Amino acid sequence: MPHPAIARGHVAVITGGASGIGFAAAKRFLQAGMKVAIADIDADHLARAGELLANATAGGAGDVLSLQTDVSKPEQIEALQDAVIARFGGVDVLMNNAGIELTSTALGPRDNYQRIIGVNLWGIIHGSQIFAPGMIARGRPGLIINTGSKQGITTPPGNPAYNVSKAGVKAFTEALAHELRNTPDCAVTAHLLIPGFVFTALTARGRTEKPAAAWTPDESIEFMLARLAAGDFYILCPDNDVPRALDERRIAWAAGDIIENRPALSRWHKDYADAFKAFVEAK
Ligand SMILES: NC(=O)c1ccc[n+]([C@@H]2O[C@H](COP(=O)([O-])OP(=O)(O)OC[C@H]3O[C@@H](n4cnc5c(N)ncnc54)[C@H](O)[C@@H]3O)[C@@H](O)[C@H]2O)c1
């Protein structure tokens, strides 16, 4: 049985819905008989995605709303909500999924920090705060799915601004889930989608063919739907390279840095290479 919010005639809003994981979700929600609003900053991709989605659904263009939106700007998310309510009457599923990955270093320029955190973290805070009250007032089962990342949990070296944004998404979404479950008469729940390596525009880096290690966006969304049906908060996706058991060891090791008083990011510290390897291999 799918989650009850995912049902014929219900309404889904997906940010970053013109590409990758968001577009795959839009396709899948339409297949479930839902009406879908995709919001994206990229006008060309949005127009093409809207057309593809309308052609792929029995309801045609009447079931699809495409709205150019910059999720880092709250007034644009408010306009998105107004447009969705005017067209479809309300929202049952909100997927705050838009994300960017620009380069950064800890002491590098502030610009990319502001842009990445503006989209990846503020986009999710704006989306949740603006849509949740109406979803709760609707009085029926609802879902808020925020797209995080393993990089927000194990925070590997390489792109601290992205890690900071996604660690924020995790902390915010945990707090949101807690608040929602303690809100009287609230049937809306929050969930943290943690994709594995997924072949999309974000990760393609010039490649035109999916690397063997990566999942497709469609595989990721099928996994998400199964875990939502099971009631998971942490939707920890594997990929073709990293099974769940390996993720679990990596997450446990990262938490262990504090408990064991090891240096920061000891998984990538040469003095801890053997210990980490042994930890991963231990049953
Ligand atoms: N692909 C992966 O391996 C992977 C892994 C972990 C997490 N993620 C996360 O998944 C989410 C989706 O990424 P994807 O891989 O599908 O990438 P993608 O680039 O295919 O899709 C992201 C979409 O977000 C849109 N977007 C960017 N800035 C925006 C803004 N300010 N307002 C509205 N839309 C905006 C882009 O135009 C694009 O259509 C992101 O949050 C990303 O961080 C992806």
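The values are calculated or read from the model by the stated rules, or taken from the named source; none is laboratory data. Every value quoted in this text rests on a predicted model; they were computed, and no experiment measured them. Note that we place each Cβ from the backbone using ideal geometry, even for glycine, and neighbour counts take in every protein chain shown.
Each row is one residue, and each column tells you yes or no for (1) among the hydroxyl-bearing types (Ser, Thr, Tyr); (2) surrounded by fewer than 21 Cβ atoms within 10 Å (Cβ to Cβ); (3) farther than 24 Å from residue 78 by Cα; (4) touching a residue at least 60 places away in the same chain (Cβ under 8 Å).
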position	(1), (2), (3), (4)
4	no, yes, yes, yes
10	no, no, no, yes
14	no, no, no, yes
17	no, no, no, yes
23	no, no, no, yes
40	no, no, no, no
48	no, yes, no, no
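Can you tell me which residues in segment 228-264 are within 15 Å of the chain's Cα centre (by Cα), away from the ligand (no atom under 15 Å from the Cβ) and of a type outside the set (Phe, Trp, Tyr)? Across segment 228-264, the qualifying residues are 228, 232. Scanning segment 156-178 for residues that are surrounded by fewer than 17 Cβ atoms within 10 Å (Cβ to Cβ) and not in a helix (DSSP H, G or I) gives 156, 157, 158.
The conditions of being within 16 Å of the ligand (Cβ to nearest atom) and closer than 23 Å to residue 199 by Cβ are met by residue 51.
Do we find that residue 133 is in a helix (DSSP H, G or I), in the same structural domain as residue 89 (by TED's automatic domain parsing) and either out of contact with any helix residue (DSSP H, G or I) (no Cβ under 9 Å at 6 or more places or on another chain) or within 16 Å of the ligand (Cβ to nearest atom) (or both) in this structure? Yes. Screening the candidates 72, 66 for the property of being at pLDDT 95 or above, near the ligand (Cβ under 10 Å from one of its atoms) and among the hydroxyl-bearing types (Ser, Thr, Tyr) yields one hit, 72.
Filtered by the rule that a residue be out of contact with any strand residue (DSSP E or B) (no Cβ under 8 Å at 6 or more places or on another chain) and outside any loop (DSSP other than H, G, I, E, B), segment 1-45 gives 24, 27, 28, 31, 44, 45.
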